[in-house]
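Before any comments, here is the structure.
The values are calculated or read from the model by the stated rules, or taken from the named source; none is laboratory data. These numbers come from a predicted model, not from an experiment. Cβ coordinates were reconstructed from backbone atoms using ideal geometry, including for glycine residues, and neighbour counts include every protein chain displayed. Protein only, heavy atoms only, side chains kept; ligands, DNA and RNA dropped before computing areas. Shrake-Rupley method; radii C 1.70, N 1.55, O 1.52, S 1.80 Å.
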Amino acid sequence: MVSDVFYWLGNEFALKPQIYQAVPGLICCTVVMFKLLRWMERKRCLAEIEKAGANRKQALSAMERAVLVFKESGRSGDTESILSLSLLELQKQLQEDSLSPDGVLHAYMEKALEVTKQLNCLTDFLPECQTQLQDLHQNKKGLLYGIPVSIKDNVNYKDHDSTCGLKTFLQQPAMKDSVIVQVLKKQGAIPFVKTNIPQSMLSYECSNPIFGQTVNPHDNKRTPGGSSGGEAALIAAGGSILGIGSDIGGSIRVPAAFCGICGFKSTGKRLSKKGLRSSMPGQSAVESAVGPLAKDVDSLVLCMKALLCEDMFQLDPTVPPIPFNNEVFSSSRRLRIGYYENDAFWISNPSMKRAVVETKQLLEEAGHTLVPFTHLRAQYAWNELILRGMGADGGATLVQRFKGDIIDPTLNDLFMIQKLPKLLKRIIGFLLKPFCPRIAETCRYLSGVRSIDELWKLHTAIEAYCEEYISKWKSANLDVLLCPALGPALTAGYAGKLTTLASFHVIFNLLDFPAGIVPVSTVTEKDEEELKGYVGYCNDLWDRNFKKGVSGAVGLPLAVQCVALPWQDELCLRLMREVERVSQKKRTI
């Protein structure tokens with residue numbers, strides 16, 4: 001039959017018989033060559049990944065040797081006592097010389113090694129930390145003098161890779177430290193390890209083909225969240241006392257909530273992002289941000305005070321020179337707090353809803369005023385502004401990043417839809433609309449924008465939405481906002497099927513509002529029983545998968561999200577501290 005087709009083509013286009021007879025063979029050869037090239041490409045990819053794995057193993061072995069040498073020197077102190085201190089207590093003892101920086105560093109190095117054997121959260125050891133100890137006396141006045149700090153994989157540290165979990169970034173060591181690392185060092189902090197992330201950093205999973213899967217410290221069948229999942233897991237398990245993450249859609253806040261710690265996403269330009277690698281450079285519709293993760297709010301505040309210094313303003317002149325406003329943070333003025341339980345795109349599951357309601361009641365008992373606040377057009381914001389904005393190029397940049405790479409199973413769904421031509425995405429959206437309208441809308445808007453004119457209109461629409469949201473906030477005379485945090489931790493594999501759960505958090509990246517996470521409770525048997533009746537808004541595939549993903553989570557952490565207007569980071573942290581105080585007070589009663 002194939003020969004007949006080519007015979008017809010030969011008649012039509014006057015091809016010689018010997019040519020059309022040879023064409024089927026040429027096609028077969030082309031297919032074979034294509035498959036051979038794919039096989040060779042995959043083999044090269046596996047070799048590079050294997051080399052990266054060997055490098056990590058070598059780095060962690062060097063870390064183990066350093067701990068052993070330090071122990072044998074007889075200088076190691078009471079490790080358990082060091083690890084039991086809060087950040088403020090540790091800071092005080094280091095400043096008073098009650099503890100030595102080398103003793104503290106090696107205590108955390110040893111604990112981090114122990115933790116990563118269980119959770120797989122470390123990607124690299126920074127041996128320069130030991131060299132840094134020798135010059136540390138010069139920074140004794142720094143607020144973070146002698147404090148070991150872990151940093152997320154994508155934070156540049158000189159001579160080390162920032163992989164984003166992608167093969168394309170392997171063997172590309174940073175030429176210099178990121179500004180955030182430079183400032184940490186000037187404040188006396190000691191960056192000592194890098195931590196794991198999901199491939200491309202666009203998932204609430206924490207898995208990639210290079211370093212594997214990081215698991216949740218509370219349940220190793222669940223994800224610690226993403227994309228700062230390695231940070232949150234390490235801190236929650238005690239292997240680090242302070243970490244630095246990045247957030248473009250909940251990437252600090254979701255891991256903090258899943259692992260039961262605190263996390264803070266600053267206003268986008270409050271902290272420097274110079275030297276942080278992104279998998280989607282050029283995307284500007286949704287604002288990314290840097291921020292700290294720790295076990296308590298006071299630790300976050302200390303970190304922000306340290307970072308918001310003259311060194312940062314000099315190293316990155318694009319950062320407004322606004323030091324930490326302690327007067328706002330320390331104020332005892334009663335707050336007017338807006339709150340909501342659902343975001344109008346997702347209905348919170350029973351445990352998430354209870355976390356908000358109980359916290360609202362505790363804040364009222366503490367003398368604050370709580371007023372209902374209706375989230376502004378969540379579905380419009382998610383589909384027309386966030387999806388179209390982040391995917392304005394139709395997924396081309398992301399697909400290019402994955403070229404020649406092995407796709408992590410947790411990203412299969414996202415990658416497959418991004419690979420589809422724009423027209424096909426719209427067709428799929430049209431066909432799905434009668435059966436799954438919410439999913440259909442998302443598919444349609446993933447096709448991005450069609451022209452520069454359309455992109456400019458999108459940016460104008462985002463500005464208008466932000467103005468409208470702030471106007472609504474001001475009309476309600478709010479100081480801050482209390483809202484749901486995604487939780488409890490999803491069973492591994494489900495987050496990859498539920499990218500749209502980001503709507504709970506990414507809205508505040510779109511708005512560029514500072515936002516933070518505070519753990520307030522744990523899942524109860526009653527929550528689990530009520531979850532059986534959960535149907536969400538549509539009872540569609542997403543709602544059903546969400547229900548499955550969070551089920552069986554009795555005892556796992558629950559958190560709430562605290563939000564303030566742009567540049568009011570200190571006010572957001574103040575609400576976080578107040579939430580922490582009333583929640584802890586309830587637990588001690």
Legend entry - Count of region 445-457 residues which are closer than 15 Å to Lys422 by Cβ and over 25 Å from the mean Cα position of the chain (by Cα): 5
Legend entry - Sole exception among (1) within 23 Å of Gln379 (Cα to Cα); (2) touching a residue at least 40 places away in the same chain (Cβ under 8 Å); (3) more than 19 Å from the chain's Cα centre (by Cα) for Leu556, by number: (1)
Inset, instruction - Hey, could you check region 38-94 for residues that are under 27 Å from the mean Cα position of the chain (by Cα) and basic (Lys, Arg) and say which is least open to solvent (accessible area, probe 1.4 Å)? - result: Arg56
Legend entry - helices (runs of 4 or more DSSP H) (entirely within region 387-465) containing at least 1 residues that are farther than 23 Å from Cys206 by Cβ and aromatic (Phe, Trp, Tyr): 422-432, 437-445
Legend entry - Residue check, Gly230 open to solvent by less than 20 Å² (accessible area, probe 1.4 Å) and in a loop (DSSP other than H, G, I, E, B): no
Inset, instruction - Would you check which residues across region 205-224 are buried (at least 21 other Cβ atoms within 10 Å of the Cβ) and closer than 16 Å to Pro409 by Cα and list them? - result: Glu205, Cys206, Ser207, Asn208, Ile210, Phe211, Gln213, Thr214, Val215, Arg222, Thr223
Legend entry - Residues of region 552-585 satisfying the condition of being more than 18 Å from Ala515 (Cβ to Cβ) and buried (at least 18 other Cβ atoms within 10 Å of the Cβ): Ala553, Leu556, Val582
Legend entry - Those residues of region 494-513 which are open to solvent by less than 10 Å² (accessible area, probe 1.4 Å) and touching a Pro at 6+ places or on another chain (Cβ under 7 Å), in sequence order: Phe504, Phe513
Inset, instruction - Return only the number of the condition from (1) surrounded by 24 or more Cβ atoms within 10 Å (Cβ to Cβ); (2) outside any strand (DSSP E or B); (3) within 19 Å of the chain's Cα centre (by Cα) that Ile244 does not satisfy. - result: (2)
Legend entry - Scope region 457-493; condition under 30 Å from Glu528 (Cβ atoms) and open to solvent by 20 Å² or more (accessible area, probe 1.4 Å); matching residues: Thr491, Ala492, Gly493
Legend entry - Subset of region 362-385 [within 25 Å of Ser583 (Cα to Cα) and modelled with pLDDT under 95]: Thr374, His375
Inset, instruction - Please identify the pairs in which a residue from region 45-60 that is at pLDDT 95 or above has its Cβ atom under 7 Å from the Cβ atom of a residue that is surrounded by 13 or more Cβ atoms within 10 Å (Cβ to Cβ) and acidic (Asp, Glu), counting only partners at least 6 apart or on another chain. - result: Arg56/Asp124; Ala59/Asp124
Legend entry - region 272-292: number of residues that are open to solvent by less than 10 Å² (accessible area, probe 1.4 Å), in contact with an Asp or Glu (Cβ under 9 Å, 6 or more places away or on another chain) and under 14 Å from Leu184 (Cα atoms): 3
Inset, instruction - Collect the residues in region 322-347 that are of a type in the set (Val, Ile, Thr) and more than 24 Å from the chain's Cα centre (by Cα), keeping them in residue-number order. - result: Ile322, Val328, Ile337
Inset, instruction - Scan region 562-581 and report the pairs whose first residue is touching a residue at least 12 places away in the same chain (Cβ under 8 Å) and whose second residue is of a type in the set (Asp, Glu), with Cβ atoms within less than 6 Å and a gap of 6+ or a chain change. - result: Pro566/Asp512
Legend entry - Subset of region 154-165 that is touching a strand residue (DSSP E or B) at 6+ places or on another chain (Cβ under 7 Å) and open to solvent by less than 10 Å² (accessible area, probe 1.4 Å) - its residue that is nearest to Arg401 (Cα to Cα): Gly165
Inset, instruction - Under 7 Å between Cβ atoms, at least 6 apart or on separate chains: pull out the pairs that start in region 455-468 with a residue that is closer than 14 Å to Leu376 by Cβ and in contact (Cβ under 8 Å) with a residue 12 or more places away in the chain and end on any residue that is assigned to a helix (DSSP H, G or I) and aliphatic (A, V, I, L, M). - result: Ala461/Leu385; Ile462/Leu385; Ile462/Leu510; Tyr465/Ala381; Tyr465/Leu385
Legend entry - strands (runs of 3 or more DSSP E) fully within region 472-588 counting 2 or more residues that are under 23 Å from Glu364 (Cα atoms), among the hydrophobic types (A, V, I, L, M, F, W, C) and at pLDDT below 95: none
Inset, instruction - List the helices (runs of 4 or more DSSP H) that sit entirely inside region 291-347 and contain at least 2 residues that are acidic (Asp, Glu). - result: 310-315
Inset, instruction - Among the candidates Asp97, Asp135, single out the residue that is more than 28 Å from the chain's Cα centre (by Cα), closer than 25 Å to Ala174 by Cβ and not hydrophobic (A, V, I, L, M, F, W, C). - result: Asp135
Inset, instruction - Report yes if Thr397 is closer than 27 Å to Ala464 by Cβ and surrounded by fewer than 19 Cβ atoms within 10 Å (Cβ to Cβ), otherwise no. - result: yes
Inset, instruction - State whether the residues of region 272-280 include one that is modelled with pLDDT of 95 or more, over 14 Å from the mean Cα position of the chain (by Cα), more than 22 Å from Gly146 (Cα to Cα) and not small (Gly, Ala, Ser). - result: yes
Inset, instruction - Mind counting the residues in region 166-203 that are in a loop (DSSP other than H, G, I, E, B), more than 22 Å from Asp102 (Cβ to Cβ) and open to solvent by 10 Å² or more (accessible area, probe 1.4 Å)? - result: 8
Inset, instruction - Please identify the pairs in which a residue from region 101-125 that is more than 22 Å from Asp159 (Cα to Cα) has its Cβ atom under 9 Å from the Cβ atom of a residue that is open to solvent by 10 Å² or more (accessible area, probe 1.4 Å) and aromatic (Phe, Trp, Tyr), counting only partners at least 6 apart or on another chain. - result: Pro101/Tyr145; Asn120/Phe211
Legend entry - Residue selected from region 410-440 under the condition charged (D, E, K, R) and open to solvent by less than 40 Å² (accessible area, probe 1.4 Å), by the criterion farthest from Asn208 (Cα to Cα): Arg438
Inset, instruction - Go through region 130-153 and give me each residue that's open to solvent by less than 30 Å² (accessible area, probe 1.4 Å) and under 24 Å from Ala256 (Cβ atoms). - result: Leu144, Ile147, Pro148, Val149, Ser150, Ile151, Lys152, Asp153
